[in-house]
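The values are calculated or read from the model by the stated rules, or taken from the named source; none is laboratory data. These numbers were taken from a predicted model, which means no experiment stands behind them. Backbone-built Cβ (ideal geometry, glycine too); neighbour counts: all protein chains shown.
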């Protein structure tokens, strides 16, 4: 009786162990490192981006037992290299020149048209007073208009050659895995901000599937 009791207990213990093992397999879930690797893979080891502060916040098992949705929160830091920093510096110098010229052109324009209006008001019976003033002040009018044109040209140069355009093109060429929707998150500030690190926080739900190589993002 003693032997039968011991064998029965052993079978029960073995059954409980197997059951627990199967239950553990059925309820296995992607780890935080699995989810982190999925996000890292989307960045493709891009030298401009660094994953920081990664945290798995929740997980929802799927119906098949081999799929899972993982909720995560993390920060991605975008860092410019020396070429981007130099470009931003050059652009900033041109922008300062534009701002100075724009202010000067606006002041000259305000002065000119104030003087013109004063002349017209002083000669109410002369219907061509405005044209007369312009003819008499060509030496003031032409430089004012030339400066306005130069200010407009500078504005076009700044827009067409912005640091954002430059930095984006370098990332696209160097890091083909980075998507444009993801990239757009980092270019919402001022162009001069791109001379420093830009941190963006993300909250994401990752669909994952269990494979022979472990948990991976479902694509």
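Which residues, counting only those in region 98-131, are farther than 30 Å from residue 159 by Cα, assigned to a helix (DSSP H, G or I) and free of Cβ contacts under 8 Å to residues at least 12 places away in the same chain? Even if it seems obvious, please write down each step before you answer.
As a first pass, look at region 98-131 and keep what is farther than 30 Å from residue 159 by Cα: 114-131.
The next check asks that each one be assigned to a helix (DSSP H, G or I); those that pass are 114-122, 129-131.
114, 117, 118, 121, 122, 129, 131 - these are the residues of region 98-131 that are farther than 30 Å from residue 159 by Cα, assigned to a helix (DSSP H, G or I) and free of Cβ contacts under 8 Å to residues at least 12 places away in the same chain.
When you go through 155, 129 one by one, which is the residue that is at pLDDT 95 or above, touching a helix residue (DSSP H, G or I) at 6+ places or on another chain (Cβ under 7 Å) and in the same structural domain as residue 91 (by TED's automatic domain parsing)?
Values: 129 fails: at pLDDT 95 or above.
The unique qualifying residue is 155.
Let's see how each residue does on (1) in the same structural domain as residue 146 (by TED's automatic domain parsing); (2) in contact with a strand residue (DSSP E or B) (Cβ under 8 Å, 6 or more places away or on another chain):
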{"residue": "46", "(1), (2)": "no, no"}
{"residue": "49", "(1), (2)": "no, yes"}
{"residue": "74", "(1), (2)": "no, yes"}
{"residue": "89", "(1), (2)": "yes, no"}
{"residue": "92", "(1), (2)": "yes, no"}
{"residue": "95", "(1), (2)": "yes, no"}
{"residue": "112", "(1), (2)": "yes, no"}
{"residue": "117", "(1), (2)": "yes, no"}
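Among residues belonging to region 187-204 that are under 27 Å from residue 35 (Cα atoms) and surrounded by 13 or more Cβ atoms within 10 Å (Cβ to Cβ), point out the one that is farthest from the chain's Cα centre (by Cα).
Among those residues, the one meeting the criterion is 204.
Please verify whether region 51-59 includes one or more residues that are assigned by TED's automatic domain parsing to the domain that holds residue 205, over 25 Å from the mean Cα position of the chain (by Cα), without any contact (Cβ under 8 Å) to a residue 40 or more places away in the chain and more than 30 Å from residue 169 (Cβ to Cβ). Even if it seems obvious, please write down each step before you answer.
Let us first name the residues in region 51-59 that are assigned by TED's automatic domain parsing to the domain that holds residue 205, namely 51-59.
Next, from what is left, pick out any that are over 25 Å from the mean Cα position of the chain (by Cα): 58-59.
Now drop any that are not without any contact (Cβ under 8 Å) to a residue 40 or more places away in the chain, which leaves 58-59.
Okay, now just the ones that are also more than 30 Å from residue 169 (Cβ to Cβ), so 58-59.
Yes; the residues of region 51-59 include at least one that is assigned by TED's automatic domain parsing to the domain that holds residue 205, over 25 Å from the mean Cα position of the chain (by Cα), without any contact (Cβ under 8 Å) to a residue 40 or more places away in the chain and more than 30 Å from residue 169 (Cβ to Cβ).
Rundown of residues vs (1) in contact with a helix residue (DSSP H, G or I) (Cβ under 9 Å, 6 or more places away or on another chain); (2) exposed (fewer than 13 other Cβ atoms within 10 Å of the Cβ); (3) assigned to a helix (DSSP H, G or I), yes/no style:
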position: 149; (1), (2), (3): no, yes, yes
position: 164; (1), (2), (3): yes, no, yes
position: 168; (1), (2), (3): yes, no, yes
position: 173; (1), (2), (3): no, yes, yes
position: 177; (1), (2), (3): yes, yes, no
position: 181; (1), (2), (3): no, yes, yes
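Please go through (1) more than 29 Å from the chain's Cα centre (by Cα); (2) under 14 Å from residue 204 (Cα atoms) for residue 40 and return the number of the only condition it doesn't satisfy.
Against the list (1) more than 29 Å from the chain's Cα centre (by Cα); (2) under 14 Å from residue 204 (Cα atoms), residue 40 comes up short only on (1).
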